[in-house]
1. Tell me yes or no: at least one residue of segment 58-79 is at pLDDT 90 or above, open to solvent by 40 Å² or more (accessible area, probe 1.4 Å), over 26 Å from residue 449 (Cβ atoms) and of a type in the set (Ser, Thr, Tyr).
2. For a quick check of your reading of the model, give me the residue pairs whose first member lies in segment 110-136 and is on the phi < 0 side of the Ramachandran plot, whose second is among the acidic types (Asp, Glu) and buried (at least 18 other Cβ atoms within 10 Å of the Cβ), with beta-carbon atoms closer than 7 Å and at least 6 apart or on different chains.
3. Does residue 47 qualify as being assigned to a loop (DSSP other than H, G, I, E, B), surrounded by 12 or more Cβ atoms within 10 Å (Cβ to Cβ) and at pLDDT 95 or above?
4. Cβ-Cβ distance below 8 Å, separation of 6 or more or different chains: which pairs start in segment 424-435 with a residue that is in a helix (DSSP H, G or I) and end on one that is open to solvent by 60 Å² or more (accessible area, probe 1.4 Å)?
5. Under the condition of being modelled with pLDDT under 90 and within 26 Å of the chain's Cα centre (by Cα), which residue from segment 223-244 is nearest to residue 285 (Cα to Cα)?
6. Quickly run through segment 190-213 and pick out the residues that are under 21 Å from residue 160 (Cα atoms), surrounded by fewer than 19 Cβ atoms within 10 Å (Cβ to Cβ) and of a type in the set (Asp, Glu).
7. Do we have any residue at all in segment 67-81 that's of a type in the set (A, V, I, L, M) and part of a loop (DSSP other than H, G, I, E, B)?
Amino acid sequence: MKKLFLFLLIFSFFGACFAQEVEQADDTPSVVASKGGYAEVPPAKRPRPIDKEKAAAAAEKDETPKEEEEKRNTIRYGVPSEIASLLDDLLKNDDPRFTEEIYDLFQATKSSAIKEKVLKYFTKAEDPCLEDYAVDLLNDPYDEKNDVVKAAFQYISAVKTKAAIPAVITLIESENENYFNDAISTLGDIGGPEEAMFLVEYLEREDLSNAQRQTLMRNCGKMHAVETWDKLVDILNDDDENAFVRMYAAESLGLMEVEKSVPVLIDQFDATDPNLRQYVIKGLSHFPDVIEARATVIQGIRDEHWRVRQEAIRTAKENDNKDAVPYLIYRAKNDSEKLIKEESITAIAALNTDEGNDYLVSQLNEKKLADGTKKKIVEVLLKEGHAGEKEILELAKSVVNDDKRKDLRYAIGRELAKKYKSSYDEVCGLYLQSKDATTVSVGLDMYKQKKPASLTDYVNKIANEKKSSGNKTRAQKLLGIEEEEKKADEK
């Protein structure tokens, strides 16, 4: 009896403790919203080691052996406009060879234009070497130019600097128009559950403008803030709500990637507002493996409004929805909008089906098809690399001496130059022998990529032309012939 009493007493004690813990758990939210404040500045660091493969690829694009050193000297000694132009080229060509010099330049420069460009350079590289500067700036951005602050926000987003969160929230709460949208977007990129809860609570404020609510709406989804799901469904289904807020609610429901969003979104696809239908497709794009979502996207390709068709075509391409190909071929043939035809052609090439590839290749030989459309087909087939190389080369040969089709000739050559292969050598040779200066220039663009030995005689002939020209100068540079040396030899 005593043992039974003791057992009941112990059971009662632990039961009470468990009940107390459950009660405390129920009373305490699982996620507490983040708060603003001063962000602790990360320690300074040097750039990451350069990507050797990218550096080698960039070096191959140099026209002369001296070009790399010339670029290095521009960074060291150039004026801001010269440096800014070079940084634009480095960004465009994804050239990582000068990261150390660019980092040192950033530490010394007083130019806001250079700061902005360098931030963009390291944003593209996703290199965290400027985290200390960016976080420190967001703690107190008010004396810096807006373009630099905007670049700092984008940099923080790219390198996922969570240390900046308190400063970013402070700028949101300040409601400064210069920073609000960028701060919300950045928080969406770097935040987690606590920051999502902050946005949920902030969304309830009654003094927010529609523009602010739209920005909040988009970023609730970007943060996978499932805590806001019910709220966003209510907003999406509210016919009296601002149209743009409803659109972004649809997009955010998709960004959350919660499958229960699919039927909610599909229910809105019969909306009379084409913008809302477009954003329903945006939402459904995040469910590539859900049959109902894929089927609705295909129906979007047949929508009356071109924006909805465009969104559906892009989604079919991104989601590798090969069932869409027959619909895309029909749109490529018949759509009244040139943009939709071109989007369809791009998607067909990317989806890489026999039916789609056969259709595109057949169009290269279609006499009634405009050269503008053929240029697009050449572009996408070469980009994807699945089909059509032989037919494109034959087309290039057929137009290389046809001056009525110069635009197509130039376009094909420029596309061949982007990913040059030895199988293009014959066509490149024909371009280099042309009497048309622009065609020769395009031929030099091709030759520059690999400098095939079989074509060097053609380039040498251009370099030794009696008459001065831009092509002559380029050919000399490509062959390493210095103009001054040539003059000395002539003397």
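The values are calculated or read from the model by the stated rules, or taken from the named source; none is laboratory data. None of these values were measured; they are calculated from a predicted model. No Cβ is skipped: glycine too gets one built from the backbone with ideal geometry, and neighbour counts run over all protein chains shown. Note: accessible area is taken over every heavy atom of the protein model, side chains too, but ligands, DNA and RNA are not part of it. Shrake-Rupley method; radii C 1.70, N 1.55, O 1.52, S 1.80 Å.
1. yes
2. Every condition considered, no pair remains.
3. Numbers: assigned to a loop (DSSP other than H, G, I, E, B): yes; surrounded by 12 or more Cβ atoms within 10 Å (Cβ to Cβ): yes; at pLDDT 95 or above: yes.
Judged against the criteria, residue 47 is a match.
4. So the pair list comes out as 425/454; 426/397; 427/397; 429/454; 429/458; 430/397; 432/458.
5. Residue satisfying both the conditions and the ranking: 224.
6. Residue satisfying the conditions is 194 alone.
7. Of the residues in segment 67-81, the ones of a type in the set (A, V, I, L, M) are 75, 79.
From what is left, the residues that are part of a loop (DSSP other than H, G, I, E, B) are 79.
Checked segment 67-81: at least one residue is of a type in the set (A, V, I, L, M) and part of a loop (DSSP other than H, G, I, E, B).
Yes/no matrix, rows are residues, columns are (1) at pLDDT below 95; (2) of a type in the set (D, E, K, R):
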position	(1), (2)
366	yes, yes
372	yes, no
376	no, yes
380	no, no
403	yes, yes
420	yes, no
437	yes, no
462	yes, no
